[in-house]
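Since the structure comes first, as structure tokens, the remarks are kept for the end.
The values are calculated or read from the model by the stated rules, or taken from the named source; none is laboratory data. Owing to the predicted nature of the structure, the values given are computational and were not obtained by experimental measurement. Every residue, glycine as well, gets a Cβ built from its backbone with ideal geometry; the counts of neighbours run over all protein chains shown. Surface accessibility is based on the protein's heavy atoms, side chains included, excluding ligands, DNA and RNA. Shrake-Rupley method; radii C 1.70, N 1.55, O 1.52, S 1.80 Å.
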Amino acid sequence: MDLGLIALVMGVFVVLALVRIIGLTKPPVEHGYRLQRSFLSPAERSFYGVLCSAIAGDYVVLAKVRVADVITPVKSNNRSTWQTAFNRISAKHFDFVLCDPKSLSVEQVVELHDRSHKNDKRAERDNFLRSACASAGLSLSEFVAKKSYSIEEVRNRIAQNRMVSGKGDGRVKPLL
């Protein structure tokens, strides 16, 4: 083979290698982000005010808490089974979490159901959350979104769930 052709082929390889190396050292292109104007939807914000009034002093109210930060799958010898169960909860959130004001331990969770909860996928999600909470022994209070609420009604529903277990700690026995 001609030495000129070999040198040309080697040169092309060197150039391609340099292009690849330079391409790999470029800083990654960041995706832009924007601030959400409202953390809660108007319906959630309205209910949040009522919920805070209804439970004043009894609980600390946290909003939009990831389900996986409240409950976790039971340990399993099969890592794949555990991971599948974790994946089912990792991208979901509870609308509101009621915590003990001293320890911040989770006492109850609250879901607010708007029109979207009538579609099949959302109903499936709601049923899954009910089952997961029951399995974990965690009280779940569900309210239908509406224009106005009775603070007394919300207070009574929260208190009723608090007393279901007889301990007054908001936890219920699993319904398995």
Can you say whether Ala43 is in a helix (DSSP H, G or I), aliphatic (A, V, I, L, M) and either over 25 Å from the mean Cα position of the chain (by Cα) or at pLDDT below 85 (or both), as far as the supplied structure shows?
no
Out of all the residues in region 31-40, which are modelled with pLDDT of 85 or more and open to solvent by 50 Å² or more (accessible area, probe 1.4 Å)?
Gly32, Tyr33, Arg34, Leu35, Gln36, Arg37, Ser38, Phe39
Give the residue that is nearest to the chain's Cα centre (by Cα), with candidates limited to residues of region 115-155 that are open to solvent by 60 Å² or more (accessible area, probe 1.4 Å), within 20 Å of Ala54 (Cα to Cα) and acidic (Asp, Glu).
Glu153
Out of all the residues in region 56-94, which are in contact with a helix residue (DSSP H, G or I) (Cβ under 6 Å, 6 or more places away or on another chain) and assigned to a loop (DSSP other than H, G, I, E, B)?
Ile71, Pro73, Ser76, Lys92
Gly11 versus (1) farther than 15 Å from Leu112 by Cβ; (2) modelled with pLDDT of 90 or more: which is the lone unmet condition?
(2)
Looking at (1) assigned to a loop (DSSP other than H, G, I, E, B); (2) of a type outside the set (Lys, Arg); (3) in contact (Cβ under 8 Å) with a residue 40 or more places away in the chain, can you tell me which one Gln36 breaks?
(3)
